[in-house]
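Undergrad: Questions regarding the structure given below will be posed in turn.
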Amino acid sequence: MTRAVLVSSSAPPTVTDVDLPDPAEGEALVDVTYSSVNYKDGLALARNPGVARLDPLVPGIDVVGTVSALGPGVHDVAIGDRVVLNGAGLGESRHGGWAVQAVVPSGSLVVLPDAIDDSFAAAIGTAGFTAMLSVLALEPFVAPDAGPVLVTGASGGVGSVAIALLAARGYAVTASTGRTTNEDSLRRLGATEVIDRSTLSEPGKPMQRATWAGAVDSVGGATLANVLAATRWGGAVTACGLAQDSALPTTVLPFILRAVSLLGINSVDAPVALRRRAWERLATDLDPALLAGVTRTVSPEEAMAIGADVVAGLVHGRTVVAIPR
Ligand SMILES: NC(=O)c1ccc[n+]([C@@H]2O[C@H](COP(=O)([O-])OP(=O)(O)OC[C@H]3O[C@@H](n4cnc5c(N)ncnc54)[C@H](OP(=O)(O)O)[C@@H]3O)[C@@H](O)[C@H]2O)c1
């Protein structure tokens with residue numbers, strides 16, 4: 001048994017005791033210290049069928065904590081290791097991190113670098129991990145001095161961390177946001193320009209003035225189409241999200257006339273070598289104080305209450321869930 005938030009089709013979300021099996025082959029039991037609230041967790045709380053694929057379900061696509069038991073077989077982690085896991089089906093097709101303990105696939109666990117304490121790891125969470133994956137994907141295509149790099153959904157979790165990571169590497173970052181009242185905060189993270197997202201969100205011409213050397217997009221839809229249309233020759237755009245729309249109403253013109261690359265980003269099934277590389281880079285590139293400025297910590301009960309706000313795009317930055325012992 002473990003104490004956990006439980007979402008089900010038959011009752012409102014609640015904190016209750018949940019049965020937890022012993023770790024099977026290839027699994028580890030983690031004593032959870034922190035999780036976080038991501039866009040997907042908001043969808044799980046609303047029982048969105050694309051996310052909540054278990055009924056009932058413990059939400060929480062992030063787990064941070066210490067390995068306390070291992071199932072049979074060979075593992076790359078040991079009991080006592082401080083670990084992080086983002087995605088891998090947690091909080092979607094298997095119970096997630098909004099719990100005192102979680103049984104997780106051990107092959108996707110990353111041992112946390114010493115520079116990252118548990119609460120910082122949760123503040124990074126899937127959103128920050130995905131921002132790091134986006135920057136890693138962009139780097140071979142776009143040098144820091146190549147020109148302005150756009151970050152859409154800038155006030156969100158992925159966007160906020162992407163701004164800080166890009167600025168730390170010397171990129172000139174333009175932040176696109178619907179909340180221009182957050183301009184000061186986005187500039188503190190490292191944005192040199194802030195634009196209103198309404199300039200990008202309506203359907204536009206298939207080719208536009210070549211503006212961006214690259215972009216990190218987490219909103220999709222007409223915004224992503226406009227970003228592709230305004231990317232310079234040889235530039236690249238990462239796509240990880242659909243906060244505006246899952247549709248992509250574009251043409252092949254940016255690809256065949258300007259050799260623009262569209263780079264897909266998936267954190268859920270990232271292989272462990274890429275996970276380790278991303279977390280090593282997060283340890284060196286991300287200033288904990290910068291992220292702390294856009295992070296708040298809540299209880300599991302409070303996390304249940306803010307899911308809808310996250311999906312509505314009303315939450316700025318990152319929300320950490322502290323798991324009571
Ligand atoms: N592929 C992956 O592995 C992966 C991993 C993590 C997240 N994601 C996806 O990436 C997206 C962002 O995740 P997140 O954790 O950063 O979410 P988040 O914290 O909720 O941020 C999303 C941001 O998108 C912007 N936005 C919301 N509605 C919009 C609209 N209608 N039009 C344009 N912009 C809009 C808002 O930014 P402003 O207020 O600044 O405009 C909002 O803060 C989500 O779709 C999520 O599912 C994918």
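Undergrad: List every residue pair whose Cβ atoms sit under 9 Å apart, with the two residues 6 or more apart in sequence or on different chains, where the first one lies in region 64-83 and is without any contact (Cβ under 8 Å) to a residue 12 or more places away in the chain and closer than 17 Å to A24 by Cα and the second, anywhere, is surrounded by fewer than 19 Cβ atoms within 10 Å (Cβ to Cβ) and of a type in the set (V, I, T).
TA: A78/V111
Undergrad: In addition: Quick one: which residue in V37, V64, V30, V58 is more than 14 Å from the ligand (Cβ to nearest atom) and in contact with a helix residue (DSSP H, G or I) (Cβ under 6 Å, 6 or more places away or on another chain)?
TA: Just a single option satisfies the conditions, and that option is V64.
Undergrad: Test each condition in (1) touching a residue at least 60 places away in the same chain (Cβ under 8 Å); (2) of a type outside the set (G, A, S); (3) within 14 Å of the ligand (Cβ to nearest atom); (4) surrounded by 23 or more Cβ atoms within 10 Å (Cβ to Cβ) for L43 and report the one that comes out false.
TA: L43 satisfies all of (1) touching a residue at least 60 places away in the same chain (Cβ under 8 Å); (2) of a type outside the set (G, A, S); (3) within 14 Å of the ligand (Cβ to nearest atom); (4) surrounded by 23 or more Cβ atoms within 10 Å (Cβ to Cβ) except (4).
Undergrad: A follow-up question, please. Any residue at all in region 137-144 that's part of a helix (DSSP H, G or I), away from the ligand (no atom under 13 Å from the Cβ) and either under 23 Å from A230 (Cβ atoms) or within 19 Å of the chain's Cα centre (by Cα) (or both)?
TA: Taking region 137-144 first, the residues part of a helix (DSSP H, G or I) are 137-138.
Filter once more, so that each one left must be away from the ligand (no atom under 13 Å from the Cβ): 138.
With the extra rule that they be either under 23 Å from A230 (Cβ atoms) or within 19 Å of the chain's Cα centre (by Cα) (or both), the set shrinks to 138.
Yes: region 137-144 contains one or more residues that are part of a helix (DSSP H, G or I), away from the ligand (no atom under 13 Å from the Cβ) and either under 23 Å from A230 (Cβ atoms) or within 19 Å of the chain's Cα centre (by Cα) (or both).
Undergrad: So which pairs qualify, if the first residue must be in region 196-225 and more than 14 Å from the ligand (Cβ to nearest atom), the second must be hydroxyl-bearing (S, T, Y) and in a strand (DSSP E or B), the Cβ gap must be under 6 Å, and the two must be at least 6 apart or on different chains?
TA: Pairs found: W212/T231.
Undergrad: Please enumerate the residues belonging to region 145-158 that are within 16 Å of the ligand (Cβ to nearest atom) and either over 14 Å from T192 (Cα atoms) or part of a loop (DSSP other than H, G, I, E, B) (or both).
TA: T152, G153, A154, S155, G156, G157, V158
Undergrad: Output the residue which, of all residues in region 196-209 that are touching a Ser or Thr at 6+ places or on another chain (Cβ under 8 Å) and crowded, with 17+ Cβ neighbours inside 10 Å, is farthest from L224 (Cα to Cα).
TA: Checking each candidate, the answer is R197.
Undergrad: Where in region 244-325 are there helices (runs of 4 or more DSSP H), lying wholly inside it, with at least 1 residues that are within 16 Å of the ligand (Cβ to nearest atom) and within 30 Å of G204 (Cα to Cα)?
TA: Hits in region 244-325: 300-311.
Undergrad: Right, next: Which residue is nearest to the ligand (Cβ to nearest atom), if the candidates are limited to region 159-177 and must be of a type in the set (G, A, S) and closer than 19 Å to T295 by Cα?
TA: G159
Undergrad: Considering only residues that are away from the ligand (no atom under 12 Å from the Cβ) and under 19 Å from G235 (Cβ atoms), look in region 114-136 and name the one that is nearest to the chain's Cα centre (by Cα). Break it down stepwise before answering.
TA: Initial filter on region 114-136 (away from the ligand (no atom under 12 Å from the Cβ)): 114-123, 135-136.
Subset that is under 19 Å from G235 (Cβ atoms): 135-136.
Numbers: V135: 12, L136: 14 Å.
It comes out as V135.
Undergrad: With respect to A11, is the statement that it is modelled with pLDDT of 95 or more, part of a loop (DSSP other than H, G, I, E, B), surrounded by fewer than 18 Cβ atoms within 10 Å (Cβ to Cβ) and among the small types (G, A, S) true?
TA: no
Undergrad: Could I ask something else about it? Do we find that A162 is under 15 Å from A243 (Cβ atoms), part of a strand (DSSP E or B) and touching a residue at least 24 places away in the same chain (Cβ under 8 Å) in this structure?
TA: no
Undergrad: Residues of region 135-170 being farther than 11 Å from A215 by Cβ and hydroxyl-bearing (S, T, Y), which ones?
TA: The answer is S155, S160.
Undergrad: Would you mind stating whether G87 is within 24 Å of A123 (Cβ to Cβ), buried (at least 17 other Cβ atoms within 10 Å of the Cβ) and not hydroxyl-bearing (S, T, Y)?
TA: Yes, satisfied.
Undergrad: How many residues are more than 15 Å from P105 (Cα to Cα) and over 19 Å from the mean Cα position of the chain (by Cα) when one looks only at region 43-77?
TA: Selection size over region 43-77: 7.
The values are calculated or read from the model by the stated rules, or taken from the named source; none is laboratory data. Not measured: the values here are computed from a predicted model. Note: ideal-geometry Cβ built from the backbone for every residue, glycine included; neighbour counts use all protein chains shown.
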